Every structure is written in C-alpha cells, then in structure tokens.
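Structure first, commentary second.
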Amino acid sequence: MVALAFFSALFATASVGVPSVLIVPMSKDLGWSIGEIAAPTGLRLALFGLSAPFAGGLMLKYGPRRMVGLSGFVLIIGLIISIFTTEKWHLWLGMGILLGIGPGLTAMQLSSVVASRWFSERQGLVIGLMTGATATGTLIFMPLAATISDLYGWRAAMAIPTIGSVISIILFYLFAWDRPENINIPRLGETEVGLAPEPYKENFVVLSFNALFIGMRTKLFWILALTFMICGISSFGLTQAHIVPFCGDLGVPFAAAAWLLAVIGVADLIGTTGSGWLADRYDNRWLLTIYYGFRGVSLVWLVSSDPSYAALTIFAIIYGLDFIATVPPTVKLTIGRFGREIGPAIFGWIFASHHVAAGLMTVGAGVSRDFIGSYVPSFLFAGITCFIAAASFYFVKNSDMKSSNI
C-alpha cells in the first residue's frame with residue numbers, strides 16, 4: 001500500500017512541479033512574460049492547497065482508492081490541455097485550474113490517511129517517506145524536463161508526468177485497498193484485526209467543515225496553520241518556480257540551474273524520510289523549531305552572498321534536506337491531538353494554508369522580479385518568516401497536545 005501511494009504521489013506532484021521549470025522556455029516560445037506565466041502557476045499551487053480540506057472530507061466519505069481515480073482523471077485532462085496550450089486561457093485552465101484541483105483531490109491527505117489507517121507504529125517514518133515522494137516528484141523530474149525541453153521543446157517535456165501519472169493511477173486503482181480491515185489484516189504494530197468504522201452519512205462538505213470547526217477551537221491548530229503557511233512561502237512558493245530564474249540572474253545556464261532542483265529533490269527525500277524517523281522518537285515541537293530556523297538561515301545567506309555554482313550546490317543540499325522536513329512532525333502533532341480518523345481531515349485545512357501561501361508567494365515573487373529586477377526581497381522575506389515560525393513553537397505547551405480522542 002505504501003509503495004502504491006508513493007508512486008501515485010510521485011507522479012501526481014510531478015504534474016504540479018514540472019510546468020514550473022518550463023516557465024522560461026514557455027515565455028520564449030509563446031511570447032509571454034515570466035510574470036504572466038507565473039500567475040497560473042500561483043493559481044495551481046493555491047488550488048492544490050484549497051482542494052486539500054475537501055480532499056479530507058472526500059477521503060472520509062469515499063476512501064482513497066476512488067479518490068485517486070477521480071484525481072487522476074482530472075489530472076490527465078489538465079495535462080493534455082497544457083501540452084496543446086496556444087492561448088492564455090488554455091494556460092489558466094490546464095496548468096492553472098485542472099493541474100491544481102486534480103492532484104489537490106488527494107494532496108498530502110493520501111500520506112496521512114495511509115499512515116493513520118494502516119500503521120499504529122512508525123507513522124512518522126511512513127509519512128516522511130510518502131511526503132518525500134511529494135516533493136521529490138515535484139523537483140526530481142524538473143531537470144529531466146528541462147533537458148527534454150532544450151532538445152525537443154517544452155510540450156514534449158510535459159509527457160513525463162503524463163505517462164507516469166497514467167501508469168501509477170491504474171496500478172493504484174487495481175491493487176490498493178481503503179483499509180487493512182478490508183483484507184482482514186491488522187494495522188502494523190497491532191496483533192488483532194480492528195473493526196472498520198461505520199460509513200459516514202454526512203456529505204463530504206459537511207465532514208470537511210466539521211473537521212475545521214473542531215480544529216479552530218484549539219491553539220495548536222492555529223499555530224500549525226500559521227507555521228505551515230510560512231513553510232509554503234519558503235519552499236514551494238519560492239524555489240519551485242523561481243530558483244531557476246534566480247540562478248539565471250546569476251549567470252547560471254538554464255539546464256545547470258534546473259539540475260539544482262534535482263539536488264534539492266534527492267536531498268529532500270533523504271531529509272523528509274529522516275524527519276519522519278525523528279518524529280517517531282523526539283518532541284515534534286522542537287524538531288519544527290530547528291527545521292524552520294535552519295531554513296531561514298539558508299535563505300538569508302543565499303541572497304546575502306555572491307554564491308558560485310559550487311556554493312549554490314551546497315545550498316541546494318542543505319536547503320533540500322529541510323525542504324519539507326516540516327511535514328512529518330506537523331502531521332504527527334495533528335493526528336496525535338485530533339485522532340486517526342478526523343486528524344487527517346484537519347490536516348487538510350492546515351495544508352491549505354501551506355499552498356495558498358505558496359501560490360501567493362509564487363505570484364508575488366514573479367511580479368517583484370518583473371518590476372524590481374531582483375529576487376532578493378522575496379528570499380529575504382521568506383527567510384525572516386521562517387524565524388517567526390521557529391519562535392512560534394515556544395507557545396505550544398504539553399496541554400495543547402493532549403489527545404481529544406476524536
């Protein structure tokens with residue numbers, strides 16, 4: 001189940017990320033500015049996040065198997081429209097709306113649902129591994145797409161996530177199960193097969209908003225939503241779309257800059273998986289304090305120096321290890337506080353803050369670059385907000401993390 005979810009997430013998020021590395025060749029081919037192409041990218045990230053709360057309700061109501069099928073259908077339609085883009089409305093519909101909503105229907109909900117339903121032990125490690133697939137799928141295919149774009153054009157590069165998504169979605173739909181109880185096996189770490197809960201009678205919108213109202217009554221929810229918003233600003237919203245143009249401003253060739261994203265992706269898979277292992281063993285509040293603090297330092301250093309390509313590579317490794325290492329401890333805190341059934345749905349709302357902020361940051365950084373001619377203010381802003389996030393966990397007390405047994 002973990003392997004099926006891993007590859008489904010890998011290619012679904014590749015569909016979100018690959019168009020970002022194609023901003024420069026698309027701008028040259030279509031004659032549109034970086035800001036005009038970055039705007040649908042911002043919408044894609046925002047819709048990816050805004051879909052997450054309802055993905056939580058949909059997962060509760062219909063289960064991950066059917067939702068991955070629906071998500072895949074919307075995703076593939078969006079990819080096809082994107083490949084044949086010639087007008088700006090094609091860009092907004094394909095790369096903006098459908099490639100945001102499609103993957104967003106499962107989003108990071110899939111990893112939290114699989115971990116909470118199939119595992120009573122090692123949840124953090126499982127979340128780290130599958131979350132690593134999310135970021136790695138976004139980043140590791142970018143340099144390959146950039147190379148194909150240089151050789152055959154950006155439309156050919158879009159074939160990578162299209163083919164991978166078709167294969168992974170078919171495999172998941174054929175071989176995955178919603179719960180271990182469906183095949184009469186216990187959760188990992190338990191010896192007896194549990195009883196599956198009764199099917200939910202409410203519609204998915206009611207389930208989603210019920211989860212929100214439960215979360216809003218706690219201080220922990222607001223702190224996690226705020227800090228995860230900052231995570232979105234300082235990760236996907238900044239580097240996914242803008243690290244390649246930023247490197248271009250420094251004189252780094254397009255393909256070489258794109259390969260830095262692969263370095264970030266590989267480092268992220270290692271870092272996020274390691275973060276999951278740590279989240280099973282140590283206080284998640286202090287892990288998050290460390291992660292946000294180091295990320296802030298790395299971003300401020302990047303724009304305060306005049307880095308060579310070697311220094312950029314070192315930055316990519318350090319920043320990549322911390323890219324979304326914040327996810328396992330954030331999910332663990334959420335499930336620990338709100339329970340394994342409703343916890344993933346509440347995390348959907350927390351995740352929404354992440355990608356809405358990422359979308360706004362993508363647009364803002366692009367507009368800033370067009371008008372100011374520099375990415376320095378955007379990177380400094382992201383770094384400073386990371387320090388705010390790191391300090392926030394001082395206010396989370398043990399009583400705030402007490403399980404409500406929901």
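The values are calculated or read from the model by the stated rules, or taken from the named source; none is laboratory data. Since this is a predicted model, take the numbers as computed values, not measurements. Cβ: placed from backbone, ideal geometry, glycine included. Neighbour counts: every protein chain shown.
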Where a residue in the range 140-151 is farther than 16 Å from residue 29 by Cα and its partner, wherever it lies, is of a type in the set (Val, Ile, Thr), with Cβ under 7 Å and at least six apart:
140/266; 141/18; 141/160; 142/18; 142/21; 144/160
Return the residues of the range 161-174 that are over 19 Å from the mean Cα position of the chain (by Cα) and more than 16 Å from residue 70 (Cα to Cα); say none if nothing qualifies.
163
Breaking point among (1) hydroxyl-bearing (Ser, Thr, Tyr); (2) at pLDDT below 80; (3) under 22 Å from residue 169 (Cα atoms), for residue 51
(2)
Looking at (1) β-branched (Val, Ile, Thr); (2) farther than 24 Å from residue 114 by Cα; (3) surrounded by fewer than 24 Cβ atoms within 10 Å (Cβ to Cβ), find the lone condition where residue 239 falls short.
(3)
Conditions (1) touching a residue at least 12 places away in the same chain (Cβ under 8 Å); (2) over 22 Å from residue 366 (Cβ atoms) -> residue 242 fails only (2)
Looking only at the range 275-286, decide whether some residue is polar (S, T, N, Q) and at pLDDT below 90.
no
Among helices (runs of 4 or more DSSP H) completely within the range 292-406, the ones holding 2 or more residues that are surrounded by fewer than 20 Cβ atoms within 10 Å (Cβ to Cβ) are 309-321, 343-372, 376-392
Selection from the range 1-35 of residues that are part of a helix (DSSP H, G or I) and out of contact with any helix residue (DSSP H, G or I) (no Cβ under 7 Å at 6 or more places or on another chain):
3, 28, 30
What are the pairs, 6+ residues apart or on separate chains, where a residue within the range 210-224 that is among the aromatic types (Phe, Trp, Tyr) has its Cβ under 6 Å from a residue that is surrounded by 17 or more Cβ atoms within 10 Å (Cβ to Cβ) and part of a helix (DSSP H, G or I)?
221/215
Out of the range 356-380, which residues are among the aromatic types (Phe, Trp, Tyr) and free of Cβ contacts under 8 Å to residues at least 12 places away in the same chain?
371
Among the residues that make up the range 347-354, is at least one of them of a type in the set (Val, Ile, Thr) and in contact with a Leu (Cβ under 6 Å, 6 or more places away or on another chain)?
yes
The range 239-267 - residue that is among the hydrophobic types (A, V, I, L, M, F, W, C) and within 14 Å of residue 34 (Cα to Cα) and, of those, modelled with the lowest pLDDT
241
